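Q: Handing you a structure now.
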Amino acid sequence: MADSSTGTLNVQQAVVSQSSVVAGQATLSASTAMAGGFADVTLLAPQAVRFLGDVNWHVSRAFSLTAPAVSVTNGSKATLSAGTTLLMGRNGQLGAVATATAGTGQLLLQSGLVALFGQQALQGVGSLAVQASSEIRLMGQSEKDATSTAGALPGGLSTLGSVHLTAPQVTVASASNYTLNATGNTVTIDGGDASSTAPLSAGGQLTINAATIDQDGVLRVPFGAITLNATEAINLGAGSVTSVSGNGLEVPWGSTSNGGTSLTYIDGGSTSAPVEKSITLNASGKTVTVDAQATVDLQGGGSTVAYEFVPGSGGSKDVFAGALNGAFAIVPTTGAYAATDAAILSSGSLSQATGQGNTLALGNTITFGSNTAGIPAGTYAILPARYALLAGAYLVKPSGSTGAVSLDYSRQLSDGSYMVGAKLGSVGSTATNTVSTGYIVMSNAVSSKYSEIKSTNLDTYFADLASTAGTTAPRLAQDAGRLAVVASQVLLDGAVKFNHASGTLGGELDLSSSSIHVGAGTVANALNISYDAINGTGAESVVLGGVRSTASDGSTTLTVSASKVTIDAEQDASGQTKALALPDLTVAATGSVSLADGVKITASSTSAQADAITVKGNGALVRVSSDATAVTRRDLSSVTTVGSAGDLTLGNSVTLQGGAVVAEGT
């Protein structure tokens, strides 16, 4: 009878003996493998990779571990390291999603880039440490379902132990929806470098579930969403950067058809709205602390773009599709490692997996000497050819000559391209071609002669889509994002960036707790916040008492969680009454909203249009907006007893001043 662990790959340090062999399983010696001098190692198992006892395994270039589960025996430590890349995860075609189990094993992953991909579980692991000298990348994998094809590739790591991520930055690949589950434990992020190059990524989503989340590093999900859920505390430490801004970036995302009128991500899945740019800090009933030296970045700016090949007079072949050992791109402003985009790889039947002859393998580089092609001498990441469409990028292809070409050689060809000398290599690896050979380098202006490509700015696409449907346009790349904080105690001292260009939408801030008190002093068992703290956030729209969500049609629903919100009058140093002065302020509770004597709420001027907000159920609400067309609706269709809750109290000499003022209670 087969062992219940059939499909398991066992890894031990010692040489494998006959007594180590188990039917239905494979057993491998790390020492024997290292003695073989392999630069690249791939471990793959349909059920699990299991480390037996202490294991310390280093490879000079690339280490890949693919299985639904990774386990470490109790009391043991498995250390895996690679000079260039270390990838650990599960692809969508390999076994069912596994379940995490508790234990006292330790797992340490080290490389230049460490990528965690697909949906994987740790078994017997009490602590996971991931250390990368360049980047930790979290990546979803297509499960060939509607969610994947529409641009939300599922990925995640489940563990019953602590997690410690150390890298200059932690990022999420384009269109990846990644969840790190460390329920009941601590997740720590540190080692951040705010000057590290932001990733060419868009539309990612990251959720971290833990007891305590200590974010002391750099966490970047451009044009995406970050949700931190903690049952005890969330701490954004000094020097940390938590960002969903794509300001300054131009990032490919998906492709269009029919002349730019239909947008798909992968395998034909249609997309009708971008990921809502947001950061959620959810420590319901507990504490959220944002240090004075922390940065929370929800700035507007940057762009996402979709491409469409147009066969015809511009050429019958798409030279930007790329092929194995064919053309590729370099983007001089990107980081040491190529970006990962499942749609680009899928459309060209490409892969970034390490393998013989795969120029696009993650970590691969090309080095240029002095040349007249316009590329500064240096070493660059090799990206799929589609990235050559970006401003300032180059399309590069082998010249076809096998002879050596000087690294400093360059000659302009008749079509405006250049023949140059260059050599291939890998980040952090000594396994580099020492002989430079010939490559053809084309700027945007030259490469565009060979293929006509229609570019569609996705801000324009989504705005036009909403206009045609008669719905509200979603928040776009150009707009600032939304910060939602759910806690009983909040210290919001850091720099919250809601910068945006004139004519675009400003930032939104949602503060929610079971009880909220605004004003001087403190009230027991309530989230206490001052006038200055609210006025100083820089948000264009603030909600006290609930959290907003926006549907793909642009409609906004406010989910109210506060049972009570009280606003007291507050005086400045000279004794003058302060005002809550914001372009748009909504105060909501399921039980009561109370504005004490002398409270002033005034809408500061802004040209932006305020969201139309729908609130469901009984409750009380006050909204003051500078936008005279601001709409606030209460939906009572699902309420059994209207008026069973929802008291509004306005004290003497209360001032509510704005273009639109709503004060109501059921």
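The values are calculated or read from the model by the stated rules, or taken from the named source; none is laboratory data. Since this is a predicted model, take the numbers as computed values, not measurements. Backbone-built Cβ (ideal geometry, glycine too); neighbour counts: all protein chains shown. Surface areas here come from the heavy atoms of the whole protein model, side chains and all, with no ligands, DNA or RNA. Shrake-Rupley method; radii C 1.70, N 1.55, O 1.52, S 1.80 Å.
Q: May I ask for the equivalent-ellipsoid semi-axes of segment 286-434, computed as the square root of five times each C-alpha gyration tensor eigenvalue and listed largest first in whole Å?
A: Taking √(5λ) for each eigenvalue gives 31, 21, 17 Å, largest first.
Q: Please report the equivalent ellipsoid semi-axes of segment 223-281, computed as sqrt(5 x eigenvalue) of the Cα gyration tensor, largest first, in whole Å.
A: Semi-axes from the Cα gyration tensor: 33, 14, 7 Å.
Q: Return the inverse of the average 1/r over all pairs of distinct C-alpha atoms in the chain, which is the Kirkwood hydrodynamic radius, in Å to one decimal.
A: After inverting the pairwise mean of 1/r, the radius is 26.9 Å.
Q: Another one. So what's segment 307-385 giving for Cα Rg divided by 2.2 N^0.38 Å, two decimals?
A: Computed over Cα atoms of segment 307-385, the ratio equals 1.18.
Q: For segment 248-343, just the Cα set please: Rg and Dmax, both in angstrom.
A: 19.1, 63
Q: Can you pull the accessible area of residue 147 for me, 1.4 Å probe, Å² to the nearest 10?
A: 80 Å²
Q: Next question, about the same structure. How big is the dipole moment of the chain about its Cα centre under a simple scheme where the beta carbon of each Lys and Arg is +1, that of each Asp and Glu is -1, and everything else is neutral? Debye, nearest 20, please.
A: 1220 debye
Q: Quick one: work out the % antiparallel among DSSP beta bridges in the chain, nearest 5. Let's see the in-between values first.
A: Values: 55 of 225 bridges.
Percent antiparallel among DSSP bridges in the chain is about 25.
Q: How high is the FRET efficiency between residue 272 and residue 26 when r is their beta carbon distance and R₀ equals 56 Å, given to the nearest 0.05?
A: Efficiency, rounded to the nearest 0.05: 0.75.
Q: On a straight-distance basis, which lysines could pair with residue 616 in a cross-link, Cα separation under 19 angstrom, same-chain partners fewer than 8 positions away excluded?
A: Partners found: 564.
Q: Rank-order 104-113, 197-206 by packing density, defined as the average count of other C-beta atoms within 10 Å over each peptide's residues, highest first.
A: 197-206, 104-113
Q: Shifting gears a bit: Within segment 564-666, what whole-number % of the accessible surface is contributed by carbon and sulfur, with the 1.4 Å probe and all protein chains included in the calculation?
A: Numbers: 2050 of 4700 Å².
Carbon plus sulfur share of accessible area: 44 percent.
Q: Can you put 631, 405, 170 in order of accessible area, largest first, using a 1.4 Å probe?
A: Largest accessible area first, the list is 631, 405, 170.
Q: Per DSSP H run of at least 4 residues, take -39500 (n - 2.57); add these up for the chain, divide by its residues and hand me the 222 nm value, nearest 500 deg cm²/dmol.
A: Rounded to the nearest 500, it is -1500 deg cm²/dmol.
Q: Could I ask something else about it? Determine the alpha carbon to alpha carbon distance for each of 277/497; 286/578; 397/449; 317/454; 317/397; 497/600 and list only those over 19 Å.
A: With Cα atoms farther than 19 Å apart: 286/578; 497/600.
Q: Give me P(r) over segment 387-461, computed from all C-alpha to C-alpha distances, binned every 10 Å, as integer percentages.
A: Cα pair-distance distribution for segment 387-461, in percent: 17, 38, 28, 13, 4.
Q: On full extension of the chain, what length is gained from residue 434 through residue 502, given 0.36 nm per residue of separation minus the C-alpha to C-alpha distance?
A: Working it through step by step, the gained length comes to 19.3 nm.
Q: If you filter segment 1-100 for chymotrypsin sites (Phe, Trp or Tyr not before Pro), then keep DSSP loop positions with at most 16 other Cβ within 10 Å, what is left?
A: 38
Q: Now, a different point. Just name one of 389, 201, 506: the one whose Cα is farthest towards the positive end of the charge dipole of the chain (beta-carbon charges, Lys/Arg +1, Asp/Glu -1).
A: It is 389, whose Cα lies furthest towards the positive end.
Q: Quick check on segment 82-234: take the gyration tensor over C-alpha atoms, sort the square-rooted eigenvalues as a ≥ b ≥ c, and tell me if it's rounded (a/c under 1.5), prolate or oblate.
A: rounded
Q: Per q in 0.19, 0.26 Å⁻¹, report the Debye log10 I(q)/I(0) for segment 63-133, using one uniform scatterer on each alpha carbon and no solvent.
A: Results for segment 63-133 at q = 0.19, 0.26 Å⁻¹ read -0.74, -1.16.
Q: Compute the distance in nm between two label points, each set 7 Å from the Cα along the Cα-to-Cβ direction, one at residue 6 and one at residue 636.
A: Spacing of the two 7 Å Cα→Cβ label points: 6.4 nm.
Q: I've got another one for you. So, taking all protein chains as they sit and a 1.4 Å probe, how much accessible area belongs to residue 58, in Å² rounded to tens?
A: The accessible area comes out at roughly 90 Å².
Q: Compute the Cα gyration tensor for segment 115-197, then decide on rounded, prolate or oblate, letting a ≥ b ≥ c be the square roots of its eigenvalues: rounded whenever a/c is under 1.5, prolate when a/b is larger than b/c in the other cases, and oblate in all that remain. Don't jump to the answer; show the numbers that get you there.
A: Numbers: a/c = 2.59, a/b = 1.21, b/c = 2.15.
Verdict is oblate for segment 115-197.
Q: Taking the square root of 5 times each eigenvalue of the Cα gyration tensor, what semi-axes in Å does the equivalent ellipsoid of segment 156-227 have, largest first? Can you show the working numbers first?
A: Numbers: eigenvalues 82, 46, 13 Å².
Calculated on Cα positions only, the semi-axes equal 20, 15, 8 Å.
Q: Taking segment 1-117 on its own, what percent of its Cα-Cα pair distances exceed 17 Å? Before the final figure, lay out the partial values.
A: Details: 3775 of 6786 pairs.
Distances greater than 17 Å cover 56 percent of the Cα pairs.
Q: Post the alpha-carbon centroid distance, segment 284-321 to segment 322-366, in whole angstrom.
A: Going from one Cα centre to the other spans 18 Å.
Q: Cα centroid distance between segment 640-666 and segment 122-169, in Å?
A: 46 Å
Q: Which trypsin sites (Lys or Arg not before Pro) in segment 377-472 sit in a loop by DSSP (not H, G, I, E or B) and have at most 10 other Cβ atoms within 10 Å of their own Cβ?
A: Passing sites in segment 377-472 do not exist.
Q: What does segment 184-340 give for Rg and for Dmax, in Å, if only its C-alpha atoms count?
A: Values for segment 184-340 (Cα only, Rg and Dmax): 19.1, 63 Å.
Q: Which lysines does residue 77 reach when only Cα atoms under 28 Å apart count, and residues fewer than 8 places away in its own chain are ignored?
A: none
Q: While we're looking at this one, here's another question. Distance between Cα centroids, segment 455-490 to segment 28-97: provide it in whole Å.
A: That distance is 41 Å.
Q: Another question, if that's okay. I want to verify the translational diffusion coefficient of segment 530-604 in µm²/s; compute it with Stokes-Einstein, Rh as the Kirkwood radius over Cα pairs, at 37 °C and 0.692 mPa s.
A: 241 µm²/s
Q: Considering only protein heavy atoms, what is the solvent-accessible area of residue 54 at a probe of 1.4 Å, reported in Å² to the nearest 10?
A: Surface open to solvent at residue 54 totals about 100 Å².
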